[in-house]
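In what follows, a structure is listed as structure tokens, so that the remarks can point back to it.
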Amino acid sequence: MVPRSLLNLNTFRVDHSCRSISYTNSSNDLVDLAKTINKPIIVGGGSNILFVDDVDRDVIVINHEGIEVIKTTNKYVYIRVQAGTNWHQLVLWAIENDLGGIENLSLIPGKCGAAPMQNIGAYGVELKNVFVELECVKIGTGERWVLHKEDCLFGYRESIFKGELKDKVIIDNITLKLTTNSNHTLNRDYGIINDKLDDLKVKKPTIKDISDVIIDIRKSKLPDPKEYPNAGSFFKNPIISTVKLKSLKSTYKYIPSYVIDNDSVKVPAGWLIDKAGWKGKQINGVGTYKHQALVIVNHSARSGKEILEFSKLIQDDVLEKYGIKIEREVNVY
Ligand code: EPU
């Protein structure tokens, strides 16, 4: 078998190879491939994946698309979305149809089948807020299986698909519950949304206004993968105890934090990395983004190994400086 290049299947644009690449054009294709391919690597948009070497495995690219309204009530519209649908196209579809719930998740790269894997989240909203259920296919047997919201064990950038079901199932479609405009409450909790709306003198924002503002914020902070190959946040924001926060505050008075519960807070890894002096720094063609230190950019590395090594230098330094272990958000193969 001739090795196939993964260059166009990952937004870090590293040039590793795999045994073979198959594409799904329908849900039936997915069942067939799940039955016949042993230990496949599943790729959606390739925007949260880092290949560190050539892989002796077969890759399945999820390409089957479609958005279907399956139920409407006075308040809600239930939609079933095929896994290969581009996430932002879905957001735009919801806005065009005046449906609320995912406008804060505008411009997140990737496809809908990957959204539950890490319970995508941004600007005060997570996928789990609108998620109803999903249908997946078991690798090996091709058997279909419906998992409801509670089964998915969603947490911050977490789900059962990163744990117990890792490499065991492939997501075929997801069902979401969107809210009709007149019943929808906009989520403006993230302070910067309100600041931007004020700047634009928008008094009564619409679903589309929120989306536009978020697109604007993301464009100003996050690098376009076409120009700066990257996979969004490379690390998760760590959760630390309030006791630990108090001790850090004696040295770092202005450290930002978000309350999780009485005993714990989340601190932005981007801030920790930035204040440790890593923002914009480059080593061997790999660096952090100049406007957001949480994003690692591949400027010229051909191998993912160099990206992984760079990320480990950051992890070690953050541990040494603050005594905090930061975990990767990106999936490494
Ligand atoms: N900050 C710095 N320096 C930096 C980056 C951030 O000081 O280089 C500070 C900011 O000033 C702010 C705080 O850290 O006080 C938080 O920054 P930001 O609002 O940019 O959000 P984040 O916590 O770094 C998370 C998500 C993003 C999501 C934003 C907005 C994670 C791992 N990342 O980033 O998600 O867009 O919040 O909700 O939770 C992604 O997952 O790929 C992603 C981009």
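The values are calculated or read from the model by the stated rules, or taken from the named source; none is laboratory data. Every value quoted in this text rests on a predicted model; they were computed, and no experiment measured them. Because the Cβ atoms are built from the backbone with ideal geometry, glycine has one as well, and the counts that use them run over all protein chains shown. Ligands, DNA and RNA are excluded from the accessible area calculation, which covers all protein heavy atoms including side chains. Shrake-Rupley method; radii C 1.70, N 1.55, O 1.52, S 1.80 Å.
When I139, I240, I192, I210 are checked against the criterion of being touching a Ser or Thr at 6+ places or on another chain (Cβ under 9 Å) and outside the structural domain of G280 (by TED's automatic domain parsing), I210 stands alone in meeting it. Would you be able to say whether some residue in segment 72-83 is farther than 21 Å from G142 by Cα, among the hydroxyl-bearing types (S, T, Y), in contact with a Phe, Trp or Tyr (Cβ under 9 Å, 6 or more places away or on another chain) and buried (at least 23 other Cβ atoms within 10 Å of the Cβ)? No, the conditions are met nowhere in segment 72-83. Here the condition is being within 23 Å of the chain's Cα centre (by Cα), over 23 Å from F12 (Cα atoms) and basic (K, R); of K249, K325, K279, it holds for K325 alone. Return only the number of the condition from (1) within 16 Å of the ligand (Cβ to nearest atom); (2) within 24 Å of L245 (Cα to Cα); (3) open to solvent by 80 Å² or more (accessible area, probe 1.4 Å) that D317 does not satisfy. Among (1) within 16 Å of the ligand (Cβ to nearest atom); (2) within 24 Å of L245 (Cα to Cα); (3) open to solvent by 80 Å² or more (accessible area, probe 1.4 Å), D317 violates only (3). For D54, the conditions (1) open to solvent by 70 Å² or more (accessible area, probe 1.4 Å); (2) closer than 24 Å to L127 by Cβ all hold with the exception of (2). Of all residues in segment 272-284, those satisfying the criterion of being out of contact with any strand residue (DSSP E or B) (no Cβ under 8 Å at 6 or more places or on another chain) and within 14 Å of the ligand (Cβ to nearest atom) are L272, K275, A276, G277. Of the residues making up segment 285-307, those that are more than 13 Å from the ligand (Cβ to nearest atom) and either touching a Lys or Arg at 6+ places or on another chain (Cβ under 9 Å) or not in a helix (DSSP H, G or I) (or both) are G285, V286, N298, H299, S300, A301, R302, S303.
Of all residues in segment 134-168, those being of a type in the set (D, E, K, R), over 20 Å from A122 (Cβ atoms) and not in a loop (DSSP other than H, G, I, E, B) number 5.
Which one of these is within 16 Å of the ligand (Cβ to nearest atom), more than 30 Å from D54 (Cα to Cα) and either at pLDDT 95 or above or touching a helix residue (DSSP H, G or I) at 6+ places or on another chain (Cβ under 8 Å) (or both): S247, S241, S264?
Result: S264 is the single residue among S247, S241, S264 that is within 16 Å of the ligand (Cβ to nearest atom), more than 30 Å from D54 (Cα to Cα) and either at pLDDT 95 or above or touching a helix residue (DSSP H, G or I) at 6+ places or on another chain (Cβ under 8 Å) (or both).
D274 passes every criterion in (1) without any contact (Cβ under 8 Å) to a residue 24 or more places away in the chain; (2) open to solvent by 60 Å² or more (accessible area, probe 1.4 Å); (3) not polar (S, T, N, Q) apart from (2).
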